[in-house]
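The values are calculated or read from the model by the stated rules, or taken from the named source; none is laboratory data. Treat the numbers as computed from the prediction; the structure is a model and nothing was measured. Note that each Cβ is placed from the backbone with ideal geometry, even for glycine, and that neighbours are counted across all protein chains shown.
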Amino acid sequence: MGSYVGRRLLSAIVTVFVVAIVMFGLLELLPGSPFNSEKLDPVQKSLMAAKYGLDQPVLVRLGVYLANLVQGDFGVSYNIIPDMAVSDMLTTRLPVTIRIGLQALVLGVVVGLLLGILSAVRRRGWIDNASTFLSVVAFSIPSYVLALVLVYVVGFQLKLLPIRYSAQNPFESSIMPTISLAAYVMAVTARYARSEMLDCLESDYILLARAKGLGDTKVVGSHALRNTLVSIITVLSPLLVGLITGSVVVEQIFGAPGLGQLLLTAIQNVDYNIIIAISLVYSVVYVGSMLLVDVLYGVIDPRIRLAGSPS
């Protein structure tokens, strides 16, 4: 198991560095610079570029950036808060994005898994029909549209929950953003769970288990659920990344000071270091979640781990 995790961890680290190099190169190809203000004359722009080392050759700057990256240094902000370390800016905003994203993931997966299992067990019943209808609606409505509906109905009309995110009351003020993002996760999870559970319940080993006298709870909980979880784990990684990257608009709607809000501001102000840093954070989340999925595969089904071992 140690070598299995080690190989994937090494692959994850290499992937993150490749993303850093690609992002650095893409931003170099963009026209303009962080110092495009009309208030600066050419001499001042040259002095600013020299101050931050932007007058050096591209390969030199790339080498310096990667060397600093190894030490956890993402550079400083050029425009938003000049000379402030990007790592400090991320430290204050990353917990908000992670909190809302993880809450949405847990809520969506738990509710979706329960709906999918109930739909499969009560196939063609009213529970199955209601679950399917709810999943289709949740899948079809964009998260920002649902967020606006919740703001108007729950926040403005009923006044049950605060509309704006508050650091003093993070749980209650994050309920509506969480629900907005969790709806899509719930719909995808319910669809996969229902499909996989139906396949498992119609398989030969389940028929054998029933023939031995096992009840529905034992059959579903001990046999069918394990194979269903393998399929659910497959979609967890893209769902988590989709939540974090898709929270950009939702964070704006609820005024949550997360990475999405910072990314939009950085793009508007052409703050290269912040854009690269947030892109790397998204990459680390994706690669890390994929690594976690690989490990969970090995835990749930040892055959996967053995198949990945070198011969």
- Considering only the range 262-280, state which residues are assigned to a helix (DSSP H, G or I), surrounded by fewer than 20 Cβ atoms within 10 Å (Cβ to Cβ) and in contact (Cβ under 8 Å) with a residue 60 or more places away in the chain. T265, S279, L280
- Query: How do the pairs read when you match residues in the range 156-172 that are assigned by TED's automatic domain parsing to the domain that holds L107 and closer than 19 Å to L259 by Cβ with residues anywhere that are among the basic types (K, R) and at pLDDT below 90, using Cβ under 7 Å and keeping only pairs 6 or more apart or on different chains?
  - Reply: P170/R99
- Per the filter on the range 150-165, residues surrounded by 14 or more Cβ atoms within 10 Å (Cβ to Cβ) and not aromatic (F, W, Y) are L150, V151, V154, G155, L161, P162, I163
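A quick yes/no check of all residues on (1) in contact (Cβ under 8 Å) with a residue 12 or more places away in the chain; (2) among the hydrophobic types (A, V, I, L, M, F, W, C); (3) out of contact with any helix residue (DSSP H, G or I) (no Cβ under 8 Å at 6 or more places or on another chain); (4) buried (at least 16 other Cβ atoms within 10 Å of the Cβ):
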site	(1), (2), (3), (4)
M48	yes, yes, yes, yes
G63	no, no, yes, no
L69	yes, yes, no, yes
I81	no, yes, no, no
V109	yes, yes, no, yes
L118	yes, yes, no, yes
R124	no, no, yes, no
- Message: Can you find a residue that is more than 18 Å from I275 (Cα to Cα) and modelled with pLDDT under 85 anywhere in the range 67-82?
- Response: no
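Restricting to the range 83-102, give me the number of residues that are in a helix (DSSP H, G or I) and surrounded by fewer than 20 Cβ atoms within 10 Å (Cβ to Cβ). Spell out how you get there, then give the answer.
Let us first name the residues in the range 83-102 that are in a helix (DSSP H, G or I), namely 86-102.
If we keep only those that are surrounded by fewer than 20 Cβ atoms within 10 Å (Cβ to Cβ) too, we end up with 87-88, 90-92, 94-95, 98-99, 102.
Residues flagged as in a helix (DSSP H, G or I) and surrounded by fewer than 20 Cβ atoms within 10 Å (Cβ to Cβ) within the range 83-102 amount to 10.
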- Query: Can you pull out the residues in the range 23-46 that are assigned to a helix (DSSP H, G or I) and surrounded by 13 or more Cβ atoms within 10 Å (Cβ to Cβ)?
  - Reply: M23, F24, L27, K45, S46
- Message: Name the single residue that is surrounded by the most Cβ atoms within 10 Å (Cβ to Cβ) among those in the range 166-177 being of a type outside the set (S, T, N, Q) and within 19 Å of V249 (Cβ to Cβ).
- Response: P177
